[in-house]
Amino acid sequence: QVQLVESGGGLVQPGGSLRLSCAASAIMFSIYDMGWYRQAPGLQRELVAAITKGGSRNYLDSVKGRFTISRDNAKKTVYLQMNSLKPEDTAVYYCKTNRGGIDYWGQGTQVTVSS
């Protein structure tokens, strides 16, 4: 079993920054690929950023250059640093991993970008 707990969301003005954290309960955290997803009202959930166990990263085109995903294996935590936030970044953000073909999701954290 893997439990994921996100934190760090909130209300921020356009152009502002937030850092999301996702803490995992998994003992072998370092061997898991991790991803951040988001879902805005009425839209499908989409992959925002992912980081492999080896540290390779990929990003949704619309967040490239603004968001950075990172991981701290000692803390069993993955981060999403979000800069230059835009109103269209407003969504519930989730972290996800997969183990043995099963997807594990956190409960989500709300990010609202508004003036």
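Please tell me if Ala23 is hydrophobic (A, V, I, L, M, F, W, C), part of a strand (DSSP E or B) and over 14 Å from Ser7 (Cβ atoms). Walk me through how you get there before you give the answer.
Details: hydrophobic (A, V, I, L, M, F, W, C): yes; part of a strand (DSSP E or B): yes; over 14 Å from Ser7 (Cβ atoms): no.
No, not satisfied.
When only residues in segment 8-36 that are hydrophobic (A, V, I, L, M, F, W, C) and open to solvent by 60 Å² or more (accessible area, probe 1.4 Å) count, which is nearest to Thr97 (Cα to Cα)?
Our first condition is that a residue be hydrophobic (A, V, I, L, M, F, W, C); within segment 8-36, this holds for 11-12, 18, 20, 22-24, 26-29, 31, 34, 36.
Narrowing the set further to residues that are open to solvent by 60 Å² or more (accessible area, probe 1.4 Å) leaves 11, 27-28, 31.
On the way: Leu11: 26, Ile27: 13, Met28: 12, Ile31: 10 Å.
Per the stated criteria, the residue is Ile31.
Would you confirm whether any residue within segment 63-70 is under 12 Å from Glu6 (Cβ atoms) and crowded, with 21+ Cβ neighbours inside 10 Å? Outline the logic, then answer.
Looking only at segment 63-70, we keep the residues that are under 12 Å from Glu6 (Cβ atoms), and these are none.
No, every residue in segment 63-70 fails to be under 12 Å from Glu6 (Cβ atoms) and crowded, with 21+ Cβ neighbours inside 10 Å.
I'd like to verify a number: residues in segment 61-115 that are closer than 15 Å to Met34 by Cα, in contact with a Lys or Arg (Cβ under 8 Å, 6 or more places away or on another chain) and in contact (Cβ under 8 Å) with a residue 60 or more places away in the chain, how many?
Of the residues in segment 61-115, 8 are closer than 15 Å to Met34 by Cα, in contact with a Lys or Arg (Cβ under 8 Å, 6 or more places away or on another chain) and in contact (Cβ under 8 Å) with a residue 60 or more places away in the chain.
Do the conditions hold for Val92, that is, is it open to solvent by less than 70 Å² (accessible area, probe 1.4 Å), aliphatic (A, V, I, L, M) and in contact with an Asp or Glu (Cβ under 8 Å, 6 or more places away or on another chain)? It would help to see each step written out before you state the result.
Working: open to solvent by less than 70 Å² (accessible area, probe 1.4 Å): yes; aliphatic (A, V, I, L, M): yes; in contact with an Asp or Glu (Cβ under 8 Å, 6 or more places away or on another chain): no.
Considered against the rule, which asks whether it is open to solvent by less than 70 Å² (accessible area, probe 1.4 Å), aliphatic (A, V, I, L, M) and in contact with an Asp or Glu (Cβ under 8 Å, 6 or more places away or on another chain), Val92 comes out as no.
Within segment 95-115, how many residues are farther than 20 Å from Ile27 by Cα and either open to solvent by 30 Å² or more (accessible area, probe 1.4 Å) or of a type in the set (Ser, Thr, Tyr) (or both)?
First, the residues of segment 95-115 that are farther than 20 Å from Ile27 by Cα: 108-115.
Then keep just the ones that are either open to solvent by 30 Å² or more (accessible area, probe 1.4 Å) or of a type in the set (Ser, Thr, Tyr) (or both); that gives 109-110, 112, 114-115.
Counting residues in segment 95-115 that are farther than 20 Å from Ile27 by Cα and either open to solvent by 30 Å² or more (accessible area, probe 1.4 Å) or of a type in the set (Ser, Thr, Tyr) (or both) gives 5.
The values are calculated or read from the model by the stated rules, or taken from the named source; none is laboratory data. This one's a predicted model, so the numbers in the text were calculated from it and none came from an experiment. Quick reminder, even Gly has a Cβ in these numbers, built from the backbone with ideal geometry, and neighbours come from all protein chains shown. Remember, those area values only see protein heavy atoms, side chains included, never the ligands or the DNA or RNA. Shrake-Rupley method; radii C 1.70, N 1.55, O 1.52, S 1.80 Å.
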